[in-house]
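Working notes, beginning with the structure itself.
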Amino acid sequence: MSHKEERATWFEGQGLWQHIPEADWRDWTWQLKNRITTVAQIERLMTLTPDEKAGCLFASHKLALAITPHFFNLIDRNDPNCPIRRQVIPRSDESIVSEEERLDSLGEDEHSPVPGLVHRYPDRVLFLVTDRCASYCRYCTRSRLVSNAQDYNFHPEYEQALRYIEAHPEVRDVLLSGGDPLLLSDKKIDHLLGRLRAIKHVEFIRIGTRIPVFLPQRITPELCEVFKKHGPIWMSLHINHPREITAELREACERLSFAGVPLGNQSVLLRGVNDEVEVMKTLVHRLLQMRVRPYYLYQMDLITGGAHFKADVRKGLEIIEALRGHTTGYAVPQYVIDAPGGGGKVPVNPDYVEEITDDEVVFRNFEGRRFRYPLKSTPVKEKTGQVLPAEIHP
Ligand SMILES: *Cc1c(COP(=O)(O)O)cnc(C)c1O
Ligand code: SF4
């Protein structure tokens with residue numbers, strides 16, 4: 001990791017916004033009000049490449065442009081290939097639509113018994129509570145509805161969704177997502193969590209959010225009290241690159257952890273952003289330092305105009321292989337492909353088992369050494385003092 005990267009990873013302070021009173025900077029409503037949403041605003045702060053400029057002009061038809069000042073500071077304005085920049089500044093590639101891509105690549109709308117609720121798995125539901133986010137990720141799986149750039153007109157029907165959950169005792173697990181649930185007011189979050197907690201068969205409640213990354217100021221002590229009150233509330237963060245880990249994010253994670261919120265992380269494998277072993281290794285180690293357990297690594301969904309982000313699955317497998325055994329299992333996320341059309345998340349794993357019969361399993365370890373694990377027991381007639389070699393040497 002270069003010196004430059006090391007420094008940027010611990011980015012702290014107000015960067016381009018030195019002239020703003022610190023109280024404003026730390027106020028999440030100030031951050032939202034002062035988001036960068038137009039080409040003109042970006043161009044006052046940095047030089048866009050012609051390709052990015054074309055992308056920005058197209059963006060209004062696909063997924064709105066919005067970047068919080070906090071996150072904008074993390075962009076390397078001199079590097080068009082900056083991994084932070086790629087995630088939030090559109091490129092002209094977004095206008096290229098490929099044959100296999102869909103607006104609703106996971107078939108969520110078909111699995112939706114009531115608006116805003118996706119019931120795909122037997123025991124859990126995805127509850128989409130808003131279509132707004134603090135900043136917009138150019139690879140967003142839900143760009144069809146998020147930000148409303150495509151006139152999807154998402155209107156979550158909280159009552160209808162809650163009544164569906166109440167009426168379905170098999171739903172023991174509710175995942176609040178969107179959009180970003182933490183953009184709702186404390187009062188609304190308090191209300192929703194309270195209603196869900198009151199449902200006897202709902203055992204597990206989690207929130208999927210990228211707010212701690214885009215808008216760490218939102219993780220206020222008051223919000224943490226709401227989580228404490230209704231806890232345990234689990235949280236899945238969405239961090240893709242070690243440079244997203246700022247002092248502010250670390251503090252937000254600490255407040256959440258101390259409020260009793262177990263933290264996991266979901267990353268999307270993105271070409272040119274984090275499809276490198278060293279980048280992912282640094283990321284997972286930094287996550288553990290913040291009490292965040294890597295949960296999933298997603299293969300990019302086949303969303304319209306997202307092909308330029310698609311990483312090679314072999315690269316994803318290489319990353320998992322480079323982690324497993326080489327570092328703690330706590331640092332290894334599960335790599336998954338969400339099956340196109342609505343098959344759900346399917347694990348994709350490197351093959352360690354080479355052969356399996358009634359008699360034995362032959363497998364390799366993280367160093368590539370081969371071992372045999374016998375499935376049949378052979379009683380020992382006389383003590384030979386010899387240890388059966390389990391490792392297979394070529
Ligand atoms: C990802 C997802 C969930 C949650 O799955 P977990 O494996 O429990 O994290 C639930 N519903 C839908 C539709 C999902 O896409
Ligand atoms: S925060 Fe999540 S829902 Fe919002 S744009 Fe990014 S990926 Fe999409």
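The values are calculated or read from the model by the stated rules, or taken from the named source; none is laboratory data. Because the structure is predicted, anything quoted here is derived from the model rather than measured. Cβ sites come from the backbone with ideal geometry, for glycine too, and all protein chains shown count toward neighbours.
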Quickly run through segment 145-185 and pick out the residues that are touching an Asp or Glu at 6+ places or on another chain (Cβ under 8 Å) and more than 17 Å from Asp131 (Cα to Cα).
Glu170, Val171, Arg172, Asp173
Select from segment 170-207 the residues that are within 16 Å of ligand 2 (Cβ to nearest atom) and more than 17 Å from Arg120 (Cβ to Cβ) and write down the one among them that is modelled with the lowest pLDDT.
Gly179
Within segment 120-130, which residues are within 20 Å of the chain's Cα centre (by Cα) and farther than 12 Å from Pro181 by Cβ?
Arg120, Tyr121, Arg124, Val125
All but one of (1) more than 16 Å from ligand 1 (Cβ to nearest atom); (2) in a loop (DSSP other than H, G, I, E, B); (3) under 16 Å from Lys310 (Cα atoms) hold for Ser105; which doesn't?
(1)
Just to check your reading of the model, which residue among Phe58, Phe11 is within 23 Å of the chain's Cα centre (by Cα) and modelled with pLDDT under 95?
Phe11
Gly385: more than 26 Å from Val284 (Cα to Cα), in contact with an Asp or Glu (Cβ under 8 Å, 6 or more places away or on another chain) and either at pLDDT below 95 or not in a strand (DSSP E or B) (or both), yes or no?
no
What is the residue count in segment 66-121 for residues that are hydroxyl-bearing (Ser, Thr, Tyr), within 14 Å of ligand 2 (Cβ to nearest atom) and modelled with pLDDT of 95 or more?
1
Spot the failing condition for Leu288; the list is (1) closer than 24 Å to Pro212 by Cβ; (2) surrounded by 18 or more Cβ atoms within 10 Å (Cβ to Cβ); (3) within 16 Å of the chain's Cα centre (by Cα), and only one is missed.
(2)
When every residue in segment 127-148 that is part of a loop (DSSP other than H, G, I, E, B) and of a type in the set (Ser, Thr, Tyr) is compared, the one farthest from ligand 2 (Cβ to nearest atom) is Thr130
Could you identify the single residue in Pro169, Pro80 that is over 19 Å from the mean Cα position of the chain (by Cα) and in the same structural domain as Met300 (by TED's automatic domain parsing)?
Pro169
Right, Arg138: among the basic types (Lys, Arg) and either within 12 Å of ligand 1 (Cβ to nearest atom) or more than 30 Å from Glu254 (Cβ to Cβ) (or both) or not?
no
Pick from Ser143, Ser112, Ser98: which is within 16 Å of ligand 1 (Cβ to nearest atom) and under 13 Å from Thr304 (Cβ atoms)?
Ser143
Sole residue being outside the structural domain of Asp190 (by TED's automatic domain parsing), touching a residue at least 24 places away in the same chain (Cβ under 8 Å) and crowded, with 21+ Cβ neighbours inside 10 Å, chosen from Leu45, Leu128, Leu32, Leu74:
Leu74
Single residue of segment 204-250 satisfying the filter (out of contact with any helix residue (DSSP H, G or I) (no Cβ under 6 Å at 6 or more places or on another chain), over 30 Å from Arg86 (Cβ atoms) and free of Cβ contacts under 8 Å to residues at least 40 places away in the same chain) that is nearest to ligand 1 (Cβ to nearest atom)
Pro232
